[in-house]
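Any read-out appearing in this document is the output of simple, stated calculations on the displayed coordinates, not a laboratory observation. These numbers were taken from a predicted model, which means no experiment stands behind them. Here the Cβ positions follow ideal geometry from the backbone for every residue, glycine too, while neighbour counts run over all protein chains shown.
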Amino acid sequence: MIAPTRHNNPRTEAKNAVLETATKLFHSKGIKNVTMDDISHQLSMSKRTLYQLFSDKEDLLLACVKRHNEDEHERMVALAQNTDDVLDFILANYRQRMEATGDVTPTFYADILKYPKVIEFIDRHQTEVEDEAVAFLNRGKDEGYFRADVDFRIVYRAMKSIIHQMITEVQLQQFTHREIFTNSLIVLLRGCATLKGIERIDRVMADFA
C-alpha cells in the first residue's frame, strides 16, 4: 500500500494544520474536553473556515484517525526496513508504540466509543488487514520463533478483543497502556513462542523494564 501524496495547496495545508493540532489536543485532553472552538482558537482560524474543512467534530476525528493510520503505515514500513525478522519487528514496534501512547490520556479511548463512524472505520480497517497480519505472523514460524501448531487467525482476533476491552473496560483504565499490553498482548505472544522465541522476548522485555 502506498500512502497518498499530500499536495501543498492552501486548502490541504490548512487541513493538515487542523489535523495536527486536533490530534494533539484530543490525545492530551480527551475528545470530550476539546471543542471546535478550542481548535479554531489554537490555530487562530475562524470557526467558519474550520467548518468549511470539516463538517463537525466527528468528521474531524475520523480524519485524524485516518491520518494516524497513514502515518502508522509509513512508520511500520520504515521499521520493517530496519529490523531483521518478524520477532525483531514486533518487539521494536511494541517499544515505539509504548513510547508514543505515553502522551495519550486514557479518556481519549473511552471518548472515541461515542463516535460510531470512527469505530466503524477502525473495525473495518482491522478486518481488512487481518490476512496480511496473519501471513506476517506465520513467517515467524519459519524463522523458528513461533510454534507450528499456533493458529494466528485466532490469535489476531484475540488481540483485537484485548485492545477493544482495553478501550471499553472502565476497570482497566486505572492501568497504563504499557501495563495492559505487557500483561496481555506480550503474554499472549509469549504463549505462541518456541523456546527460542521466549528467550528473545524475555531478553528484550528485561531491557525495556
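First check a/c for segment 84-209, with a ≥ b ≥ c the square roots of the eigenvalues of its C-alpha gyration tensor; if it is under 1.5, answer rounded, and if not, answer prolate when a/b is larger than b/c or oblate otherwise. Taking the square roots of the gyration eigenvalues as a ≥ b ≥ c, segment 84-209 is oblate.
Each residue, LYS29 and ASP84, gets one label point 7 Å from its Cα in the Cβ direction; the gap between the two is 4.6 nm. With θ taken as phi - 60° and the Karplus curve 6.51 cos²θ - 1.76 cosθ + 1.60 applied, the whole-hertz 3J(HN,Hα) list for segment 14-23 is 5, 5, 4, 5, 5, 4, 5, 5, 4, 4 Hz, x standing for glycine and proline. Relative to the longest principal axis of the Cα atoms of the chain, the long axis of helix 130-142 lies at roughly 30 degrees. Candidate cross-link partners of LYS57 among the lysines, defined by an alpha-carbon separation under 17 Å and a same-chain spacing of 8 or more, comprise LYS15, LYS24, LYS29, LYS32, LYS47, LYS66, LYS114, LYS117.
Close amide-amide hydrogen proximity is noted between PHE146 and LYS141, THR194, each under 5 Å apart and 5 or more residues distant or on a separate chain (H modeled in the peptide plane; Pro and chain starts excluded). In the chain, Cα pairs under 8 Å separated by at least six residues give a relative contact order of 21 percent. Projecting label points 7 angstrom from Cα along Cα→Cβ for VAL187 and MET36 puts them 4.4 nm apart.
Placing pseudo-labels 7 Å out from each Cα toward the beta carbon at MET205 and ASP151 gives an inter-label distance of 2.5 nm. Averaging the Cα positions of each part gives two centres, and for segment 34-102 and segment 149-209 these lie 23 Å apart. Going from the fewest other Cβ atoms within 10 Å to the most, the residues ILE31, ILE112 appear in the order ILE112, ILE31.
How much length is gained on full extension from ASN93 to PHE175, taking 0.36 nm per residue of separation minus their Cα-Cα distance? Walk me through the numbers before you get to the answer.
Working: separation 82, 0.36 × 82 = 29.52 nm, distance 2.05 nm.
In short, 27.5 nm is gained.
Rounded to whole Å, the principal axis extents of the Cα atoms in segment 26-98 read 50, 22, 20, largest first.
In deg cm²/dmol and to the nearest 500, what is the mean residue ellipticity at 222 nm of the chain if only DSSP H runs of at least 4 residues count, each as -39500 (n - 2.57), divided by the residue total? Don't skip to the answer; put the middle values down first.
Numbers: 12 runs with 154 residues, N = 209.
Rounded to the nearest 500, the figure is -23500 deg cm²/dmol.
At a Förster distance of 30 Å, what's the computed FRET efficiency of ASP56 paired with ILE198, Cβ-Cβ distance as r, to 0.05? E between ASP56 and ILE198, to the nearest 0.05, is 0.05.
How do 58-64, 118-124 rank on mean C-beta neighbours within 10 Å, highest first? Don't skip to the end; give the middle numbers.
Details: 58-64: 19.4, 118-124: 14.7.
Most protected by this proxy first, the peptides run 58-64, 118-124.
Helix 116-128 and the long axis of the chain differ in direction by around 30°, with both axes built from C-alpha atoms. Electrostatic bookkeeping for ALA110 treats Lys and Arg as +1 and Asp and Glu as -1; over the other residues with beta carbon under 15 Å from its beta carbon, the sum is +1.
What ranking do PHE175, PHE181 get, fewest neighbouring Cβ atoms within 10 angstrom at the top? Each step should come with its number before you reach the end.
Values: PHE175 14, PHE181 20.
So the ranking, lowest neighbour count to highest, is PHE175, PHE181.
Going by alpha carbons, how many degrees (0 to 90, nearest 10) lie between the helix axis of 195-208 and the longest principal axis of the chain? Taking Cα atoms only, the helix is inclined about 40 degrees. Whole-Hz Karplus values for segment 69-86 come out as 5, 4, 5, 5, 4, 5, 5, 6, 4, 5, 5, 4, 6, 10, 10, 8, 7, 4 Hz, taken residue by residue from phi with 6.51 cos²θ - 1.76 cosθ + 1.60 and θ = phi - 60°; glycine and proline positions read x.
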